[in-house]
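Participant: Let me begin by handing over the structure; questions about it come next.
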Amino acid sequence: MYTLSEKKAWWKEAVIYQVYPRSFADSNGDGIGDINGITEHLDYLEKLGIDVIWLSPVYKSPNDDNGYDISDYRDIMTEFGTMEDFDRMLKSAHEHHIRIVMDLVVNHTSDEHAWFVESRKSKDNPYRDYYIWKEPKDGKEPNNWQSCFSGSAWQYDEETGMYYLHCFSKKQPDLNWENEKVRDEVFDMMTWWCEKGIDGFRMDVISMISKDPAYPDGEVRDGLYGDMNPFVCNGPHVHEYLQEMNRRVLSKYDIMTVGEAAGVTIDEAKKYANLEGTELGMVFHFEHTDGTKTAGNVIEKWGYEHPKMPVVREILNKWQIELEGKAWGSLYWDNHDQPRVVSRFGNDAPEWRVLSAKMLATCLHMMKGTPYIYQGEELGMTNTHFSSIEDCRDIEEINAYKQYVTDHKMVSSEEMLKCFDAVARDNARTPMQWDDSENAGFTKGTPWIKVNPNYKEINAASQTDDPDSVFNYYKKLIKLRHENPIMVYGLFKPLLTDNDAIYAYERELDGKRLVVACNWTKESRKCNLFDETEGSELISNYDTHEKGILKPYEARAVLI
Ligand code: TEU
Ligand code: CA
């Protein structure tokens, strides 16, 4: 019999809700979401029942990458408000029994950060070694690495005739973590936020803070640049640095941490999120999201083929099984870098949207780990349509379009936009759909990015009081997690792994079994997992069931 094996922790029992402030709620009519907009909607989040908000970056930033390029870690982005607004939000969130987790972006800063402004001035500037500078090789870039946002990962700087590394945009120079002064600065800054009373950190690309010191060329996949990932992800000192961070900062506070671990393997995850707690609480992996994008791609990471359920299932089951007893996992479908789950893995046609959104929610929330909900996911918000590059706001899309369509003519505009409709990050960044008034109630001004035209059908106002809404289904899932330790701590066992339509598994704890089955297709399928005479149903997206059958997109969870 399986009994509790993990140490209990509040963040293992919590459900986390990600807010992307720019697109959440605009309180002053400038078209940009802001901190007061979040404060005004805490009642909504309390009603949903979430425990924690993960706040995408709100720090001072020139917004080359919507705040993931920070110019001052101890100040608030002008468009989002002031530190007083932040303090008020934090206090009010705590009064609503909601904790606040900050996004910690310390793989890189903005090129407008005071450290970088100094660093680029001269080779002997005291801040020079805060960043990664290399001499040209044969008059060119030090190696062939492609940045995550297209083009070379190296930027030549006239001032000193050297290149600096930027794994993301050229306005996001990478910090040099080998320099202990950098680590001191980062740990001081983290302590400053902890002292303010925040409840944790989501650490942006934390798996990338230690680079292979040889800086070798990478494999060329698109005919233009090389793949840097093997040399920047899970580098030689990353665990050492995180253990130091843990000793010096994290272990002193009752906070939660989640590392965004691009390129993480299961073996690496077991170290980052080890149950002894010497590094981080948990990590995000990308195998079921970015990892399933590669099938039949148009170019590099861009494609539009829908991943098949058995592929997704195999990945998720493998992570469930292998982390057991070794590390705590995180569960997510969506975030601000991913397309909308109902469009990607479900079916966003009007007749199936609600059913498939609920099915996917069931499938994820009944697994082992801490679940994350991305703003609008609880409404079944969908991908949008990009009719031209003018509709796009994300630097990743804009740069990729320039590289592959405009400059190198490797892909047609139609083909690229088709990829964007399927996987672009802006799908997640269209404004939150609050009601059916103009601009979905997001702003009284002109929104910084187009509102998804389906806001009249899909919005919070029409769902909060409708017992059959996606919103109330998520609310129920969250409540169930709070009431049923088996959902949090139960052992995961896969079921029906040969079935091409049904994703099924069970959880086990203290002699009880929780059986979960989800039909990922729009056809009825045979399923003999449930004996109608035994157990009690925790949740389903159908009111009535047919014996031996799962109806289209039907999901059931039964406690036996
Ligand atoms: O994302 C890291 C990352 O790997 C992303 O590039 C993501 O997987 C990719 O865009 C999907 O195609 C983090 C942040 O979440 C992202 O918003 C930032 O742009 C990036 O780091 C740089 O800070
Ligand atoms: Ca605003």
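Participant: Checking the cross-link filter: which lysines have an alpha carbon closer than 27 Å to that of Lys526, excluding same-chain neighbours under 8 positions apart?
Facilitator: Here the lysines satisfying the reach criterion relative to Lys526 are Lys308, Lys318, Lys358, Lys368, Lys476, Lys493, Lys512, Lys547, Lys551.
Participant: Next question. List the GluC sites (Glu not before Pro) within the stretch 1-53 that DSSP assigns to loop and that have no more than 14 neighbouring Cβ atoms inside 10 Å.
Facilitator: Details: sites: Glu6, Glu13, Glu40, Glu46; in loops: Glu6.
Here the sparse-neighbourhood loop sites are Glu6.
Participant: Could you list, by residue number, the cysteines of the chain that have no other cysteine's beta carbon within less than 4.7 Å of their beta carbon?
Facilitator: For the chain, the answer is Cys148, Cys167, Cys194, Cys233, Cys392, Cys419, Cys527, because their Cβ atoms have no other cysteine Cβ under 4.7 Å.
Participant: Once you order the gyration tensor axes a ≥ b ≥ c over the Cα atoms, which shape class does the stretch 141-219 get: rounded for a/c under 1.5, otherwise prolate or oblate by comparing a/b with b/c?
Facilitator: Prolate, because a/c is 1.5 or more and a/b exceeds b/c.
Participant: Rounded to whole Hz and in sequence order, give me ³J(HN,Hα) for the stretch 232-248 from the Karplus expression 6.51 cos²θ - 1.76 cosθ + 1.60, θ = phi - 60°, writing x for Gly and Pro.
Facilitator: For the stretch 232-248, the Karplus-derived couplings read 10, 9, 6, x, x, 10, 4, 6, 4, 5, 6, 5, 5, 4, 5, 4, 7 Hz, x marking Gly and Pro.
Participant: OK, next. Dipole of the stretch 490-559, Cα-centred, from +1 at each Lys and Arg C-beta and -1 at each Asp and Glu C-beta, to the nearest 20 debye?
Facilitator: With only Lys, Arg, Asp and Glu charged at Cβ, the dipole is about 140 debye.
Participant: With every protein chain left in place, what is the accessible area of Lys450 in Å² (1.4 Å probe, nearest 10)?
Facilitator: 120 Å²
Participant: Right, next: When we measure straight from the Cα of Lys271, which aspartates and glutamates land under 18 angstrom away, once same-chain ones fewer than 8 places off are left out?
Facilitator: List returned: Glu6, Asp204, Glu240, Glu244, Glu260, Glu279, Glu287, Glu322, Glu324.
The values are calculated or read from the model by the stated rules, or taken from the named source; none is laboratory data. Everything numeric in this text was worked out from a predicted model, so none of it was measured. Note: ideal-geometry Cβ built from the backbone for every residue, glycine included; neighbour counts use all protein chains shown. SASA here: full protein model, heavy atoms, side chains in, ligands and nucleic acids out. Shrake-Rupley method; radii C 1.70, N 1.55, O 1.52, S 1.80 Å.
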